[in-house]
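The values are calculated or read from the model by the stated rules, or taken from the named source; none is laboratory data. This structure is a prediction, so every number in the text was calculated from the model and none was measured. Every residue, glycine as well, gets a Cβ built from its backbone with ideal geometry; the counts of neighbours run over all protein chains shown. When the accessible area is computed, the model is the full protein with side chains, heavy atoms only, and any ligands, DNA or RNA have been set aside. Shrake-Rupley method; radii C 1.70, N 1.55, O 1.52, S 1.80 Å.
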Amino acid sequence: MCDFRTLHLDAKLGYVLQCIHCNDITIGFGILTFSRSLDEFHMMVQDVHECHDFHKSMGYEPETRNIPFWQLNECSCVTLSLNELHQLGELLDLASARLMLDQLLLNLPEN
């Protein structure tokens, strides 16, 4: 059973949690909740930003949900707007920054 620590919590955007046993990351965004391994989480942060930058440069309408982002299975996927991709990126960035800060603090020498 997982016990979680909060990496980031935002009343409007969602939350990012990390299991203290297996290190998996659980992300709650909108009506979605999903988990990723730590490596998959870091890849997802990069994928969100690359997808956002690409579609922004293509002139996509910010509010229109027309960007297929997550393939849930072979028959369905989650489609987001440019603004939602930006919000997801913010949420993931703040959680990623917390992970980096925690790692830096662990590596500090004790006096």
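Within region 48-77, the set of residues being open to solvent by less than 70 Å² (accessible area, probe 1.4 Å) and under 14 Å from the mean Cα position of the chain (by Cα) comprises V48, H49, C51, H52, F69, W70. Condition first: of a type in the set (S, T, Y) and either at pLDDT below 95 or over 14 Å from L99 (Cα atoms) (or both). Now tell me which residues in region 16-36 satisfy that. The answer is T33, S35.
Results for (1) polar (S, T, N, Q); (2) within 22 Å of C2 (Cα to Cα); (3) in contact with a helix residue (DSSP H, G or I) (Cβ under 7 Å, 6 or more places away or on another chain), shown as yes or no for each residue.
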| position | (1), (2), (3) |
| --- | --- |
| N23 | yes, yes, yes |
| V48 | no, no, yes |
| D53 | no, no, no |
| S76 | yes, no, no |
| L92 | no, yes, yes |
| S96 | yes, yes, yes |
| L99 | no, yes, no |
| L108 | no, no, no |
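Does region 35-45 contain at least one residue that is free of Cβ contacts under 8 Å to residues at least 40 places away in the same chain, open to solvent by less than 30 Å² (accessible area, probe 1.4 Å) and aliphatic (A, V, I, L, M)? No, that holds for no residue.
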